[in-house]
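The values are calculated or read from the model by the stated rules, or taken from the named source; none is laboratory data. The structure displayed is predicted, hence computed values, not measured ones. All Cβ positions, glycine included, derive from the backbone under ideal geometry; neighbour counts span all protein chains shown. Remember, those area values only see protein heavy atoms, side chains included, never the ligands or the DNA or RNA. Shrake-Rupley method; radii C 1.70, N 1.55, O 1.52, S 1.80 Å.
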Amino acid sequence: MRNSYFWDFKNKFLQQVLSLLYNNFRLEFRNRSAVHGILLYLVSTVFVIYLIFAQLEEMSTWIALFWMVLIFAAINADFNSFRNESGNGFYFYYQLCHPAAIIFSKLIFNAFLLLLILALNFLLFFVLFGNPIENTSLFVLTLLLGVLSISSTLTLTAAIASKTNNNSTLTAILALPILLPSILTAIKASVLSGLGFGWEECSSYIITLALLNVLSIALSYVLFPYLWRS
């Protein structure tokens, strides 16, 4: 009996996550101005950097500018993650969906969006400034873990800010201090991989990033239901 109840709940939960995820994609790409605005911000920022520097000879400068552009693009992308769930939309979703399904769908959608931004940012830097990174595979792994950690943290802070009428200023104030451990760890691992160091030297940073991902997702799962019902 318990197994039957568990599988019914699991199937219903997965259906809700997939339905909400599909709805997020449909609404976001129907309102193309938001996505296009983020991509335009990214392209224009990198192009301005190119006009100023023309070329980046130092690897540390390349990494610093790369992460700076990526972080601010990520914050702009996740500012209004819960705009469709606020106001009257809150009561609609409250009656139909489990809170965990809502937060997991947002985590997956925002992770996909930030991975898209990451790919475009890396492509622009690679085309305009070249690739000074010696251990590219480890650098890419660092980017993936760093971006996923940033995405999950911003999603949780956006959920908190949604209870204050989606105050974007509050999102930034909450997010930046919480993001510091992920950002600093990712930058240190990026510098080491850029210098050509291998797994042995970078393993502690990579494991820390992975644990920060697990922690932020776990906190989202535990805290969001209380936020949702408040």
- Unique match (being over 18 Å from Ala111 (Cβ atoms) and open to solvent by less than 50 Å² (accessible area, probe 1.4 Å)) among Val43, Val69, Val17: Val69
- Message: With the structure loaded, tell me whether Ala189 is at pLDDT 90 or above, open to solvent by less than 60 Å² (accessible area, probe 1.4 Å), part of a helix (DSSP H, G or I) and over 25 Å from Val48 (Cβ atoms) or whether it fails that test.
- Response: yes
- Query: Does Leu145 satisfy the criteria of being open to solvent by 10 Å² or more (accessible area, probe 1.4 Å), within 11 Å of the chain's Cα centre (by Cα) and farther than 14 Å from Ala73 by Cα?
  - Reply: yes
- Message: Cβ contacts < 8 Å: first residue of a type in the set (A, V, I, L, M), restricted to the range 33-57; second residue modelled with pLDDT under 85 and open to solvent by 80 Å² or more (accessible area, probe 1.4 Å), any location; separation 6+ or different chain. Result?
- Response: Val35/Phe29
